[in-house]
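Heads up: the structure comes next, in structure tokens.
Each value in this text was obtained by applying a stated rule to the coordinates, not by laboratory testing. Keep in mind it's a predicted model, so treat the numbers as computed, not measured. All Cβ positions, glycine included, derive from the backbone under ideal geometry; neighbour counts span all protein chains shown.
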Amino acid sequence: MKPFDRKKHWNSIYQSKTTNEVSWYEQTPTTSLAFFNQLQIPRTAKIIDIGGGDSLLADHLLALGYEHITVLDISEAAIQKARQRLGKNADRVQWIVADAAQFKPTEQYDVWHDRAAFHFLTDDGDISAYIDHAQKGIAPNGILIVGTFSKQGPTSCSGIEIKQYSQRSITNRFKAFFKKIKCITIDHKTPFNTLQHFVFCSFRKPTVLK
């Protein structure tokens, strides 16, 4: 049995579907933007959007005046679509094609944002690697924002099983390196008029780990 090829799978998804034909599509990423607003993220902050793909978050952050935005996705097809959509503004974003579980940051970010990438990691080794890379890639006093399917949410997405989280379990996953700020739950309405229940949590990386 061949090992599952995540990169091939996601390239196929983005090559076969338009931006608003995927369940995670949001014309306006309201929840993510609300975290940026509530946490008073400065416009000069270095931001990375993990699994950002063809998301419109970068578009909105650019419109708000954010100056240092990086988008990472496993799918080169997704990033190419985002670049085409942004046109000349694409040059204002740094683009990285990489698997979130294997990405080793070469710099530190003030904000590490992840909406619906982390929950695709179901292997304990991949989860531990992701958390280790995040704590190394986030600057002291930096922010981690993670959104995943909740215990009341779907058990799979795009033909792949996911790992559901509660506020407690996702906090426990990151508590070795990050201090929780707040968690919320939301219902995301898909383009197909179905609801997906999410848990979103924000964390801060202490200046000094205890």
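Descriptive notes on the structure:
- Protection proxy ranking, peptides 21-33, 135-147, 181-193, average beta carbon neighbours within 10 Å, highest first: 135-147, 21-33, 181-193
- Taking label points 7 Å from Cα along the Cα-to-Cβ direction, Glu161 and Ile186 give a separation of 2.9 nm.
- A Förster distance of 22 Å, applied to the separation of the beta-carbon atoms of Thr18 and Ala63, puts the FRET efficiency at 0.50.
- For a straight C-alpha distance cut-off of 19 angstrom, the lysines reachable from Lys46 (same-chain residues fewer than eight places away being disregarded) are Lys104, Lys136, Lys205.
- Stretch gain in nm, segment Thr28-Phe4, where the contour uses 0.36 nm per residue and the Cα spacing is subtracted: 5.4 nm
- Take 123-129, 198-204 and order them by the average number of nearby Cβ atoms within 10 Å per residue, most first; the result is 198-204, 123-129.
- Computed lengthening from Gln152 to Ala176, 0.36 nm per intervening residue step minus Cα-Cα distance: 6.1 nm
- Extension gain from Arg92 to Thr207, taking 0.36 nm per residue of separation minus the Cα-Cα distance: 38.5 nm
- Per-pair calculated FRET efficiency, R0 = 25 Å: His197 and Asp132 via Cβ, rounded to 0.05: 0.30
- Rounded to whole numbers, the Karplus 3J(HN,Hα) couplings from phi for the range 17-24 are 10, 7, 3, 9, 9, 10, 5, 8 Hz, using 6.51 cos²θ - 1.76 cosθ + 1.60 with θ = phi - 60°, and x at Gly and Pro.
- Here, the range 151-210 is characterised by an Rg to Rh ratio of 1.08, where Rg is the alpha-carbon radius of gyration and Rh the Kirkwood radius.
- By the rule of a second cysteine Cβ within less than 4.7 angstrom, the chain holds isolated cysteines at Cys157.
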